[in-house]
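The values are calculated or read from the model by the stated rules, or taken from the named source; none is laboratory data. In this text the structure is predicted, and so the values were computed from the model without any measurement. Neighbour counts run over all protein chains shown; Cβ positions are idealised from the backbone, glycine included. SASA here: full protein model, heavy atoms, side chains in, ligands and nucleic acids out. Shrake-Rupley method; radii C 1.70, N 1.55, O 1.52, S 1.80 Å.
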Amino acid sequence: MVALAIAGPLLYPVDPFDMVGQPSVPPGGEQVLGTDVAGRDMLAGLIHGGRVSLLIGFMASLAATLVGLVLGAVAGYYGGRIDDLIMRTTEFFLTIPSFVLAVVLVAIFSPTILHITVAIAVVSWPSVARLARAEFLAHRDREYVQGCRAIGMPDREIILLQILPNALPPVIVVSSLMVATAILTESGLSFLGLGDPNQVSWGYMIGVARSVLRTAWWMAAIPGAMIVVTVLAINLVGEGLNDALNPRLKQR
């Protein structure tokens, strides 16, 4: 999917917004996958839509992981009032349905790729923060950390050089799975008309096809199948990372 998103526009240089034929042409004709309700090439939309969907998924997951990791590390290592403040803030975000919050954020600001990415990151970081906090709580009082304190190592170096490498594997697994969730969230936003109007995404293509679901089902089915395959592939990659990074599974 990543290779298709990167090299696809070079191998199939068709603008997804260009009208290349009659509207609602089924697959198998001059256009391999047919055309949508506006006569635009479905294959070009899939290729360019994959680039947008994967970009938003990876960037939102990266931003959420960085924010959640920093807050979780600080809360788990220092504890006390800092921990209470960060965890109460995290719990506040967790009480709000994530998709509803994302819809509100995108609706308040203009629906651009940047704002959609930020909105998805805002609703995704609490789970990473809770996991990172649990990992730092489990490591902060172990012998190797106490030894680092005994020799006068600064807290910054203990967090970054000692605890973080040991706490990072489960965070990486969750972050990889978060990419799939981000792609689904972006698809839902685009389906509701809250996607970037200047960019084609798989959710946007499904949203365009919702008015002709009974007569031209392939317009929604093809990008929907791409979302299913991509999310499944990302989940399998996440499971593979878990098997590779989990020392207990390595022993088995």
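Some values worked out for this structure:
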quantity	calculated
Criterion (in a helix (DSSP H, G or I), at pLDDT below 90, out of contact with any Gly (no Cβ under 9 Å at 6 or more places or on another chain) and among the acidic types (Asp, Glu)) met by exactly one of 135, 157	157
Some residue of the range 37-60 being surrounded by fewer than 15 Cβ atoms within 10 Å (Cβ to Cβ) and basic (Lys, Arg)	no
Filtered residues of the range 114-140 (kept if surrounded by fewer than 17 Cβ atoms within 10 Å (Cβ to Cβ) and over 21 Å from residue 101 (Cα atoms))	134, 137, 138
Helices (runs of 4 or more DSSP H) wholly inside the range 1-100 containing at least 1 residues that are under 30 Å from residue 141 (Cβ atoms)	42-78, 80-95
The range 165-220, residues that are open to solvent by 40 Å² or more (accessible area, probe 1.4 Å) and closer than 16 Å to residue 17 by Cβ	197, 198, 199, 204
Test result for residue 143, farther than 30 Å from residue 227 by Cβ and open to solvent by 60 Å² or more (accessible area, probe 1.4 Å)	yes
Residue match in the range 177-188 (condition: of a type outside the set (A, V, I, L, M), assigned to a loop (DSSP other than H, G, I, E, B) and in contact with a Phe, Trp or Tyr (Cβ under 7 Å, 6 or more places away or on another chain))	no
Boolean, residue 233 is closer than 30 Å to residue 44 by Cα and either in contact with a helix residue (DSSP H, G or I) (Cβ under 6 Å, 6 or more places away or on another chain) or not in a helix (DSSP H, G or I) (or both)	no
Neighbours by Cβ (under 6 Å, 6+ apart or cross-chain): first from the range 51-80, over 22 Å from residue 7 (Cβ atoms); second polar (S, T, N, Q)	60/117; 61/175; 64/124; 65/175
